[in-house]
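Quick note: the coordinates plus some simple rules give every number you see, no bench work behind them. The structure presented is a predicted model; accordingly, all values stated were derived computationally and were not measured. Cβ placement follows ideal geometry from the backbone for every residue including glycine, while neighbour counts extend to all protein chains displayed.
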Amino acid sequence: MPISFPTTLDLGRFLPEILLTVFGTLFMVLDAVLQKRSKNLFGHLTLLALAAALGASLYAGSEPGPAFGGMLVVDGFATFFRVLVLGVGMLIVLSSYRFLARENAETGEYHALLLFSLAGQCLMASANDLIMVFIGLEISSIASYVLAGYLRDDKRANEAALKYFLLGSFATAFFLYGVAILYGSTGTVKLDQIHAVLTGPNAPFPVFVTLAAALMLVGLGFKVSAAPFQVWAPDVYQGAPTPVAAFLSAAPKAAAFAVFLRIFTTALEPIGTAWEPLAWGSALASMTIGNFAALLQSNIKRMLAYSSIAHAGYVLVALTARSDTGTSAAMFYLAAYALMNLGAFAVVTHLSGKGERYLTLDDFAGLAQKQPFTAAMLTIFLLSLIGVPLTGGFFGKFYIFKAALDSHLVWLAVLGLLNSAVAAYYYLRVLVMMYMHDPSQAVQEAEPLSHGLQLALVLPALGTLFLGIFPNWVLEFAGHSAALMK
Amino acid sequence: MPTSYTEMYFPVLVQAILAMALAAGLLTVSRLLGKRVRNRVKDLPYESGIVPTGDARQRFSVKFYLVAMLFIVFDIEAIFLYPWAVVYRDLRMVGFVEMLVFVILILSGFFYIWKKGALDWAAGAVDRKENRAP
């Protein structure tokens, strides 16, 4: 096969990834060269890079289609997740300014790693080929492993990074094994061709394909921290620097779900009845384990980690529904979840103090007296996490359980709803702490909000309310792109 | 023509059984027929090998680890240049441009670790970090 230059169209559709990689590499070189720089330089530059990549994603999304011979596809679905992870990246940068200064951490490498990780996630969002999925997964993961241990003098961060790395590489191996078996039995790694082979006259032996689906479910289940592959999440989120924990709970998770949805609802749809029970079980286990374990936590980061496991369970319910409504519900939910979770983590970043000393629930006592604005913002996020009407979390849950009922998953919907009732308890406990107790040591010592953190709270709060009051705009886009993905 | 998976892979199964039977058979035969002599001289290293002294579990500097890791990374990346050089003519300009991008990426990584002091064997790496303006 003759090799030719990629066309301008190919490059245009790949522009977000190119920009992120170029900026990331540039940051590394700048970091090595510049001896004197303002401490916010890299943060500002990263915001610029992310804005450029966001623009490039929208530009690529305005002219959808495949790129590089079908290895990538830029459709509405890809654009949705690209914009989502880049938005997450911006919020993380905003909430990192103060944190990095407080912990005396190097800024150049932090932002370079963030950009590399996001490049991998953008690639995952647009990959239409199992090899591309794998490469995106690895680019995203390796940068995330390093970010988790970024404060390398901190023992907990070291533990977190090592656990994340060992378990993560193990899970990636499972995914790759699944890819290998699928390639062996269908003879292709392109998702649309796999679908064609599976529905065609020469469909391979179903046992192999089911085995491949199960192995890929293990690998991706780890990346989205779904039960029974969730054990790493609490330890990693607790040990990792708080902005990084926020990042891990939103961007890699959203990208992994993008891959999950794309592979399982397009390529593997023909054997849907085979993997549906697995997804059903994983969804139920994630919701139950996440919510019940979160009830017992006294550390706020561990609580949010278990809550993130539970939320992965809700999205899996949407996946189990195996319908366009399910896919669009999952997309909506991931957007809502990213916003509310990032907001909650930003408050934790703000309050934890130098060296992250204040991380227990008791440290939130009396926040409303000293900093009513911060407390109000956290209230919005917690109410959204519970799923109270007028917030994005409510419509997210509503659409997911509606999709489940449409697909006759009555039991899963009922058990999921019971679960979200349990979840209300541990979120409300934080609210009670903030509004009905005397100020704690942490609250007394808390500095006023920095400008970056103010933005990192206000933007997701506005987003959460927007999704809660005008859900149709996002939902229609999601539904439209979910239908086009097939 | 073999039709099902079982038929297609049947020769592989036969091959695997044969291989295992041969290995097990040879070991059994040599165990049954061979003489066994064990003494101190036989346990020594073969011919001109060095007689071992002490334990293999020594402590050595963590710097070896860093250098070894960087070596592996750059070694693997540099290996890609060989197949490229072989098919350079067939790839024409495309291959040149793609490889240029690849080499620039490697070189910026190399530049980075160099400037950061990862290659300084002495304590220079630590000093540089402390001297930098906060």
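Structure above, values below:
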item	result
Long-range HN-HN contacts of residue A:129 with modeled amide H, under 5 Å	A:191
Per-residue Cβ neighbour rank within 10 angstrom, fewest leading, A:420, A:144	A:420, A:144
Out-of-range pairs (alpha-carbon distance over 32 Å; input A:163/A:354; A:36/A:155; A:36/A:163; A:370/B:116)	A:36/A:163; A:370/B:116
Full-stretch length increase - residue B:80, residue B:68 - with 0.36 nm per residue and alpha-carbon distance subtracted	2.4 nm
Separation in nanometres of the label points that stand 7 Å from Cα toward Cβ, at residue B:55 and residue B:8	5.4
Those lysines that a straight Cα-Cα span of less than 27 Å connects to residue A:486, excepting residues fewer than 8 apart in one chain	A:190, A:223, A:253, A:397, A:402
In the stretch B:91-124, chymotrypsin sites (Phe, Trp or Tyr not before Pro) in a DSSP loop with at most 12 other beta-carbon atoms within 10 Å	B:121
Built amide H within the under 5 Å cut-off of residue A:74, gap 5+	A:65, A:67
Inter-chain shielding of B:104-113 (mean C-beta neighbours from other protein chains, 10 Å cut-off)	3
Table column - 3J(HN,Hα) (Hz), the stretch A:311-324, Karplus curve with 6.51, -1.76, 1.60, x for Gly and Pro	5, 4, x, 4, 5, 5, 4, 5, 5, 4, 5, 6, 9, 5
Degrees separating the helix A:392-406 axis from the principal Cα axis of chain A, which is the longest one	30
Ellipticity estimate at 222 nm from DSSP helix runs (n ≥ 4, -39,500 (n - 2.57)) divided over the protein assembly as shown, nearest 500	-25500 deg cm²/dmol
Measure of compaction for chain A (Cα Rg per 2.2 N^0.38 Å)	0.93
Environment charge of residue A:230, counting only residues whose C-beta is closer than 14 Å and scoring Lys/Arg +1, Asp/Glu -1	+3
Net charge, residue A:120 excluded, C-beta distance under 9 Å - Lys, Arg +1, Asp, Glu -1	-2
³J(HN,Hα) computed for each position of the stretch A:9-18 - Karplus, 6.51 cos²θ - 1.76 cosθ + 1.60, integer Hz, glycine/proline x	5, 4, 5, x, 6, 9, 4, x, 5, 4
Residue A:465 paired with residue B:89, simple spin-label distance in nm, labels 7 Å along Cα-to-beta-carbon	7.0
Qualifying trypsin sites (Lys or Arg not before Pro) in the stretch B:38-118, DSSP loop, other Cβ atoms within 10 Å at most 12	B:38, B:57, B:59
Chain A: angle of helix A:206-223 to the longest principal axis, Cα-based, in degrees nearest 10	20
Karplus-derived HN-Hα couplings along the stretch A:63-78 (A = 6.51, B = -1.76, C = 1.60, θ = phi - 60°), whole Hz, x at Gly and Pro	10, x, x, x, 9, 6, x, x, 6, 10, 9, 9, 10, x, 4, 4
Ranking of A:469, B:76, A:92 by count of other Cβ atoms within 10 Å, fewest first	B:76, A:469, A:92
For residue A:360, distant residues with modelled amide H under 5 Å away	A:300
Cα-only Debye scattering, the stretch A:274-344: base-10 log of I(q)/I(0) at q = 0.28 Å⁻¹	-1.16
Crossing angle, helix B:88-115 versus chain B [Cα axis fit, 0-90 degrees, rounded to tens]	70
Whole-angstrom Cα spans of chain B along principal axes, big to small	75, 59, 30
Ranking of A:485, A:340, A:436, A:28 by count of other Cβ atoms within 10 Å, fewest first	A:436, A:485, A:28, A:340
